[in-house]
Amino acid sequence: MNTLEQMIAKAEQETSLRKRAVSLRDEGDNLLETMTQDKMAADGLSHLDAYDAVVKSDLGGAILRHREEAARFTESQPAQE
């Protein structure tokens, strides 16, 4: 299972749709940051250049799209306790 599938599987465990979106957003941020740090270490790039390379990759781009969609949904919904 790749990291995108793991991110989605984790979010599916949440009971409310808003909590699923929050989980996707937060996990997406974490995965992109981990991938960026790995790229920085492997290629000696700055954070910005590494992040740019990550989000231009197939997996990084897919994670970013899911993360952004979840963030837009979260912002459009009121917080529920």
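For the chain, what is the accessible area per residue in Å², given a 1.4 Å probe and the full set of protein chains?
66
Keeping the other protein chains in place, figure out the carbon and sulfur percent of the accessible area of the chain, with a 1.4 Å probe.
With neighbouring chains kept in place, the figure for the chain is 50 percent.
In straight Cα distance, which aspartates and glutamates are under 17 Å from LYS19, not counting same-chain residues fewer than 8 positions off?
Excluding near neighbours in sequence, the set is GLU27, ASP29, GLU68, GLU69, GLU75, GLU81.
With every protein chain left in place and a probe of 1.4 Å, what is the accessible surface of LYS19, to the nearest 10 Å²?
Only protein atoms counted, so the area is about 100 Å².
Cα to Cα, under 12 Å, and not fewer than 8 places away if on the same chain: which aspartates and glutamates meet these conditions relative to LYS39?
ASP49, ASP52
The values are calculated or read from the model by the stated rules, or taken from the named source; none is laboratory data. It should be emphasised that the depicted structure is a prediction, and the values quoted were computed from it without experimental measurement. The protein model used for the area step is the full one, side chains on, heavy atoms only, and it has no ligands, DNA or RNA in it. Shrake-Rupley method; radii C 1.70, N 1.55, O 1.52, S 1.80 Å.
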